[in-house]
Structures are given as structure tokens and as C-alpha cells.
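All remarks here apply to the structure that follows.
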Amino acid sequence: AQSVTQLGSHVSVSEGALVLLRCNYSSSVPPYLFWYVQYPNQGLQLLLKYTTGATLVKGINGFEAEFKKSETSFHLTKPSAHMSDAAEYFCAVSGAGGTSYGKLTFGQGTILTVHP
Amino acid sequence: DAGVIQSPRHEVTEMGQEVTLRCKPISGHNSLFWYRQTMMRGLELLIYFNNNVPIDDSGMPEDRFSAKMPNASFSTLKIQPSEPRDSAVYFCASSFGGGAYGYTFGSGTRLTVV
């Protein structure tokens, strides 16, 4: 079984401030981890993913995330927020094997608001 | 590649009518997923296929929902009869290699049942 918990359904930051969106996962097998972004009335766009190898992964638009197995976390960060980052962000997990192999499960999402 | 293609983009139908949503995955992808997104329940996995075979349909709400994948390039999600509570955005996604290379989503179908 696998699950994702995103801490905070809404996060508000000022333009230029650090963005930190929290994600914890549960998986009985080595996980593949993903962050997706969804702008209003649009589909989901992949920001970044972790499968194997380096635990700090960099994505598009200046975002990065670090896989911490001991903490079962995959938090998303960006050093300096931009107005265009305002969107809903989803953390997701799939299993690298077992019964969860290939099955992508999402967290509930975090709405990021960026103030001028 | 044109990405994952869903049709129609918008569908408005009356309660009790049959609705069919369509999806064309990325060529070469061997897994296909149907998700439903609502404000109340977020993104829910309805069903997924691997090599055209349904692997997990535990998320399908009830017997009114059915999905097929007759070949590697086409899938349908059918609701019969439709109800107002089925109103949502339905996304199709495809992947290769169990998701190791990511999942690509279509633009979605916004279904409104009146």
C-alpha cells in the first residue's frame, strides 16, 4: 500500500521569499516520487521526479526536492518565489515494485499563493 | 509526439444519459490511467491498465462506470447512466516502465451532468 500526505492545503508567501511545500509518503517498496503543478483550468505538469540515484533532484522553474528516506519525505523548495508560481502543487508516489508497481497515488494538493 | 490526447474537452449532458470519454496515450507507453478530480475528493485513481489489461479498478465508483482499452492506442471511460455527482474533471495519463520515466497527463475532460 502507498499513500501521500501533503502538510498544509494552503501556503502563502511573499514574492522573493522561500517556497517550502511539504510531502510525506508511505510505501512498502522503494518509491518513485513526483511533484506536479496545476494551473487553473489546466492539466498536470511534471515539475520533477525521483526514481534512483541522487537524492536532491532539480526540476523546472527553479524548483528542487530532496528525497529523505529516513524521514519518508520529499519536500519541494524554491529559493525565491515568483508571482507566476501561484498554482496548486501535488506530490505523488508510485511503487518501484510489488503490488504498487506503476500505480501513481496523489496527495491532496497544496495551493500556493504568492503576494507582491 | 502530441502528448496524451483526450476528447472531448468539455461535455455537458443530462442526468441519465450515457457519457463516453476518450483517451489516446503516448505512442510506446504501456500503462494508462484514468483519474477523476473534484474539489471535495481531489485526484482519485479510477482504473489503470498495463499492456491493455486492467490491473486495478478498485477506484471505479460503481457499476455505472466502465473502462476499456481495446488496443495500445485507445481507451474509453463510460458512465451509464450519468448522475450530477459524476460532474468532475477526468484525466487520462500514460507512462512507460512502471513510471520510472514519469507520467504524462492529458488536458482533461470537464464533465457536467445537469
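Looking across the stretch A:46-80 at every residue that is hydroxyl-bearing (Ser, Thr, Tyr) and surrounded by fewer than 12 Cβ atoms within 10 Å (Cβ to Cβ), the one that is modelled with the highest pLDDT is identified as A:Ser70.
Summed over the stretch B:84-108, the residues that are among the hydroxyl-bearing types (Ser, Thr, Tyr) and either buried (at least 20 other Cβ atoms within 10 Å of the Cβ) or not in a loop (DSSP other than H, G, I, E, B) (or both) give a count of 5. Number of residues in the stretch B:50-68 that are more than 10 Å from chain A (Cβ to nearest Cβ), at pLDDT below 95 and assigned to a strand (DSSP E or B) equals 2. Among the criteria (1) among the small types (Gly, Ala, Ser); (2) touching a strand residue (DSSP E or B) at 6+ places or on another chain (Cβ under 7 Å); (3) more than 22 Å from A:Gln2 (Cβ to Cβ), the one A:Ser94 does not fulfil is (3).
Test A:Lys49 against the criterion of being in a strand (DSSP E or B) and at the interface with chain B (Cβ under 8 Å from one of its Cβ atoms), and give yes or no. The answer is yes for A:Lys49.
Among the residues of the stretch B:1-40 satisfying the criterion of being among the β-branched types (Val, Ile, Thr) and within 14 Å of chain A (Cβ to nearest Cβ), which is surrounded by the most Cβ atoms within 10 Å (Cβ to Cβ)? Looking at residues that are among the β-branched types (Val, Ile, Thr) and within 14 Å of chain A (Cβ to nearest Cβ), I get B:Val4.
Would you be able to tell me the number of residues in the stretch B:79-98 that are more than 14 Å from chain A (Cβ to nearest Cβ) and under 19 Å from B:Phe33 (Cα atoms)? Residues that pass the stated criteria total 3. The numbered conditions (1) of a type in the set (Phe, Trp, Tyr); (2) away from chain A (no Cβ under 14 Å); (3) touching a residue at least 60 places away in the same chain (Cβ under 8 Å) are all true for B:Phe74 except (3).
The values are calculated or read from the model by the stated rules, or taken from the named source; none is laboratory data. Small disclaimer: the values here were computed from a predicted structure and weren't measured. All Cβ positions, even for glycine, are placed from backbone atoms using ideal geometry, and neighbour counts span all protein chains on display.
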